[in-house]
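Novice: Next up is a structure, given as structure tokens.
The values are calculated or read from the model by the stated rules, or taken from the named source; none is laboratory data. Since we're looking at a predicted model, the values are computed, not measured. No Cβ is skipped: glycine too gets one built from the backbone with ideal geometry, and neighbour counts run over all protein chains shown.
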Amino acid sequence: MAPGNFVRLDDRGILAVAGPDRRSFLQGLVSNDVAKVAADRALYAALLTAQGRYLHDFIMIENDDAIWLDVERARLTDLRRRLSIYRLRAKVELDERADLAVAAVFGGGALTALDLPAARGAARGLAGGALLVDPRLTELGARAILPRDELAATLSAAGLAEAEFAAYDRHRLALGVPDGSRDLVPEKSLLLESGFDELHGVDWQKGCYIGQELTARTKYRGLIKRRLFPVRIEGTAPPAGTMVMVDGKDAGELRSSCDGLGLALLRLDTLAEDVGFSAAAATLTPLPPDWLQTQ
């Protein structure tokens, strides 16, 4: 039996930020402390609007003379354009690494198979790429960023079995972790209602970055009224964006789903009582994970 599985994440791409100013350039833009990114340490972060609303999220890892951003492939060009706006005189280059592919690796023996410790963000280089423990939750498993033509062979040689994307999607949903713009609405979602604090995507001690003021105010004034929750879906799952109702009133919105599991943005005040949630003809039951803080 294979110690774990890997899934090609064809919806992910790599944007390389190179040049002598790459670290200081990103430090003034993103929500986490880029000074802590290294070849042996990955971080999770986001780029926000000036009003503190979500634009992009990504995993960062250093490789040779560049910081790689593991991003949504369909939105990579938009991220590159937005970063270019702030480049000004900074000595940085922004290039898509189409030669690289991303895989999620999960299962009981996945980290051991990749010779990685069970520590968030721990990383090592391999075959012109990188292996890293997911910096959000160790329970998610690992990421492999490897040359596209070698990814499957390299991971299979480690004893891992290739699986369908749905297997990883169920794993992610059960843990309640959002998947980019499938679960977060660009220019609308707030980081703290989307779990970024508990998922280690914000550094509260670093210097200024775009959107920091609203993000900090939201945390310290306790302004969060809604949170993303994993939910069990009984019945046919409606499409993302379907309104969630409780006692005939708006209680939130369904986001991504797969095989009876999903994520829903729910009003916290609707969770205080034992009430039924519905989305179209489906019944939803919130399943708060251990890591989620709602107080």
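Novice: Looking at (1) modelled with pLDDT of 95 or more; (2) of a type outside the set (Lys, Arg); (3) touching a helix residue (DSSP H, G or I) at 6+ places or on another chain (Cβ under 7 Å); (4) not in a strand (DSSP E or B), can you tell me which one Ile224 breaks?
Specialist: Exception for Ile224: condition (1).
Novice: For the range 20-44, which positions are part of a helix (DSSP H, G or I) and either of a type outside the set (D, E, K, R) or more than 21 Å from Asp134 (Cβ to Cβ) (or both)?
Specialist: Arg22, Arg23, Ser24, Phe25, Leu26, Gln27, Val34, Ala35
Novice: Okay, next question. Given the criterion aromatic (Phe, Trp, Tyr) and either free of Cβ contacts under 8 Å to residues at least 24 places away in the same chain or under 18 Å from Leu48 (Cβ atoms) (or both), identify the matching residue among Tyr209, Tyr168.
Specialist: Just one listed residue meets the conditions, Tyr209.
Novice: Evaluate the range 185-193: report whether one residue or more is outside the structural domain of Arg12 (by TED's automatic domain parsing), farther than 26 Å from Thr285 by Cα and modelled with pLDDT under 95.
Specialist: Checked against the condition, which is being outside the structural domain of Arg12 (by TED's automatic domain parsing), farther than 26 Å from Thr285 by Cα and modelled with pLDDT under 95, the range 185-193 yields no hits at all.
Novice: Before we move on, is Leu292 at pLDDT below 90, surrounded by 12 or more Cβ atoms within 10 Å (Cβ to Cβ) and either more than 18 Å from Asp169 (Cα to Cα) or of a type in the set (Gly, Ala, Ser) (or both)?
Specialist: yes
Novice: I would also like to ask the following. Mind checking which residues of the range 108-138 are part of a loop (DSSP other than H, G, I, E, B) and crowded, with 22+ Cβ neighbours inside 10 Å?
Specialist: Leu114, Gly121, Asp134, Pro135, Arg136
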